[in-house]
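Worksheet: the structure to be examined is printed underneath.
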Amino acid sequence: MLRMKVKAVGIDRETLLPVLILTDEIEESYVPLVIGSAEANAIAVVLESVETSRPLTHDLLLSSILKLGATVDRVVITDLNDDVYYAEISLVHGGRTLRIDARPSDAIALALRAGASIFVDEKIAPYAMAVPGADDPELEQFRSFLEDLSPDDFRQGN
């Protein structure tokens, strides 16, 4: 499995859809995921350290998991089928590991709140991960996207 981290969440300027960017630890390759607005907001709240007066859905989920005596161990993007990503949340409870099917965006929103690791399964890495070359125009466009990204870009989509 390849350990990933959340690099950014924002609005793709061409499609106007929310996009989550995962990168490997050395930021050599990345995985772009188109996600829903609610999930993008749930991730952005954590990345921007925004305090909310009441728990959001993913906060409630984490609180419930912890109250039941379990912990969030990791999330894994497990599969890619017809351009749809699949993920699992691994919980540890009483020495047992429980795997729960989830959308990657929900799993990542939960992982960020729990401080859990995020992985991409190696079997899908060749299809999911982009490793741009030095002269790759897509790389330049991606870098420009990340450099120009701000929290306001995301808020405009709501």
Open item on the list: Taking amide H atoms as placed 1.01 Å from N in the peptide plane, list the residues 5 or more away in sequence, or in a different chain, whose amide H sits under 5 Å from that of ILE35.
Closed with: VAL19, LEU20
Task: Overall dimensions of segment 1-93 as given by Cα atoms, namely Rg and Dmax in Å - done: 14.6, 44
- [ ] Enumerate the lysines that LYS123 could reach by cross-link, defined here as Cα to Cα under 23 Å, with residues fewer than 8 away along the same chain left out.
- [x] LYS5, LYS7
Task: HN-Hα J in Hz across segment 39-52 - Karplus 6.51, -1.76, 1.60, θ = phi - 60°, x for Gly and Pro - done: 5, 4, 5, 4, 6, 4, 4, 6, 4, 8, 6, 7, 8, 10
Open item on the list: Please list 3J(HN,Hα) in residue order for segment 104-115, calculated via the Karplus relation 6.51 cos²θ - 1.76 cosθ + 1.60 where θ = phi - 60°; whole Hz, with x for glycine and proline.
Closed with: x, 5, 5, 4, 5, 4, 5, 4, 4, 5, 8, x
TODO: Convert each backbone phi in segment 20-25 into a coupling constant with the Karplus relation 6.51 cos²θ - 1.76 cosθ + 1.60 (shift: θ = phi - 60°), then list the ³J(HN,Hα) values in order as whole Hz, x for Gly and Pro.
DONE: 10, 10, 9, 10, 6, 5
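We did not get these values from a lab; they are worked out from the coordinates using the rules stated. Quick caveat: nothing in here was measured; it's all calculated off a predicted structure.
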